[in-house]
1. Checking A75 against (1) modelled with pLDDT of 95 or more; (2) open to solvent by 40 Å² or more (accessible area, probe 1.4 Å), which single condition isn't satisfied?
2. Please identify the pairs in which a residue from region 271-282 that is surrounded by fewer than 16 Cβ atoms within 10 Å (Cβ to Cβ) has its Cβ atom under 6 Å from the Cβ atom of a residue that is at pLDDT below 95, counting only partners at least 6 apart or on another chain.
3. Kindly evaluate R110 against the criterion of being open to solvent by 60 Å² or more (accessible area, probe 1.4 Å) and in contact with a Lys or Arg (Cβ under 9 Å, 6 or more places away or on another chain).
4. Just checking, which of V83, V51, V78, V55 is within 22 Å of L186 (Cβ to Cβ) and of a type in the set (V, I, T)?
5. Go through (1) touching a helix residue (DSSP H, G or I) at 6+ places or on another chain (Cβ under 8 Å); (2) outside any helix (DSSP H, G or I) for G108 and report which single condition fails.
6. Can you pull out the helices (runs of 4 or more DSSP H) entirely within region 116-225 that have at least 2 residues that are open to solvent by 10 Å² or more (accessible area, probe 1.4 Å) and farther than 29 Å from V51 by Cα?
Amino acid sequence: MTLHPQARAVIDAFAGMNLSPPDRIPVAEARLQYMRGRARFLAPEEALSSVEDRVFAGPASALPVRIYRPLSATASEVLPALVFFHGGGWVFGNLDSHDRLCRSLANGARCCVVAVDYRLAPEHRFPAAVDDATAAIGQVIANAEALRIDPGRIAAAGDSAGGNLVAVAALHFRDRGGPRLALQTLLYPVTDLRMGSASYRTLGSGYLLTAERMRYFAQQYLNSPAEAVDWRASPLLAPSLAGLPPALVITASHDPLVDEGKAYADRLAEEGATVRYVCYPGMIHGFMTMAGALDGGREAVAEVAAALRDAFS
């Protein structure tokens, strides 16, 4: 499969920025670099009826969230909701890094999007982000009336590390008897932090996200390498994936995470879940957040929005 010319142009543009490897600079500087590096590839900012920053009660501290309501919604209308978790290897990312994607999903799926600013590593290591993810979904449901959302129509989505958190949250709620998500949307997710798949070897360099960068993220996130086999870090290693909600799993052909994303989708299907798996040809990791430069990113955003509309209906 051939790398798409648009993806090649993005890779070349990143190479021209001469960005510092994150393990050689302070984490605060690496986070700013992450934001600056992606700024030129973002989709245009979409208008909405409202965007509001709030704070939920978190398991250890206040949990900031950003609430988006679609342009077509009235102020009093009760909407379905999508709880969104950003990517960035549990180290980078925030409410601003994925703001454009959340805006597009709010309008495209005609739902309320609640984006979660979960705690980041290395200041807050595993399982802090997991605890924040499950708490956030619980808080959305608990505050459904005040948020003007339908507590019976709640989905969750996340890209990369955020997809990992969504998969783990779905397992968490299954084991506790609910609530059951209408859809778990896993966008090029991390599902196996052992990092031993074939795609790590064949696609581990040259395509923006590298095997070396993933090792850096794991070192920042985990307290020890032994935690990589904990299913809350590697949901592919959960003893059972039975009884989970429907899933949409999207991967990119030129991404070291492609094999573990497909493996997770395959296991979900084998163990009884309704699954749609789509691998976007010629695309690279993070392509949906670069929809301003990649046609495939725009197509994937539209596909996710359509899947959410179907799940909510």
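1. (1)
2. Short answer, once both residue conditions are applied: P281/M1.
3. Values: open to solvent by 60 Å² or more (accessible area, probe 1.4 Å): yes; in contact with a Lys or Arg (Cβ under 9 Å, 6 or more places away or on another chain): yes.
It is true that R110 is open to solvent by 60 Å² or more (accessible area, probe 1.4 Å) and in contact with a Lys or Arg (Cβ under 9 Å, 6 or more places away or on another chain).
4. Working: V51 fails: within 22 Å of L186 (Cβ to Cβ); V78 fails: within 22 Å of L186 (Cβ to Cβ); V55 fails: within 22 Å of L186 (Cβ to Cβ).
Testing whether each residue is within 22 Å of L186 (Cβ to Cβ) and of a type in the set (V, I, T) leaves just V83.
5. (2)
6. Values: elements: 128-142, 144-147, 161-175, 198-202, 211-221.
Output list reads 161-175, 198-202, 211-221.
Condition check ((1) under 25 Å from L294 (Cα atoms); (2) open to solvent by 50 Å² or more (accessible area, probe 1.4 Å)) across all residues:
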residue	(1), (2)
A43	yes, no
A47	yes, yes
R54	no, yes
P59	no, yes
V65	no, no
L82	yes, no
G88	yes, no
D96	yes, yes
D99	yes, no
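Listed here are the residues, each with its yes/no results for (1) among the small types (G, A, S); (2) in contact with an Asp or Glu (Cβ under 7 Å, 6 or more places away or on another chain); (3) modelled with pLDDT of 95 or more.
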| site | (1), (2), (3) |
| --- | --- |
| G206 | yes, no, yes |
| A211 | yes, no, yes |
| Y216 | no, yes, yes |
| P245 | no, no, yes |
| H254 | no, no, yes |
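The values are calculated or read from the model by the stated rules, or taken from the named source; none is laboratory data. This is a predicted model, so every value here is computed, not measured. For neighbour counting, all protein chains shown are included, and Cβ atoms are generated from backbone atoms with ideal geometry for every residue, glycine included. Quick note on the areas: whole protein, heavy atoms, side chains included, nothing else; ligands and nucleic acids left out. Shrake-Rupley method; radii C 1.70, N 1.55, O 1.52, S 1.80 Å.
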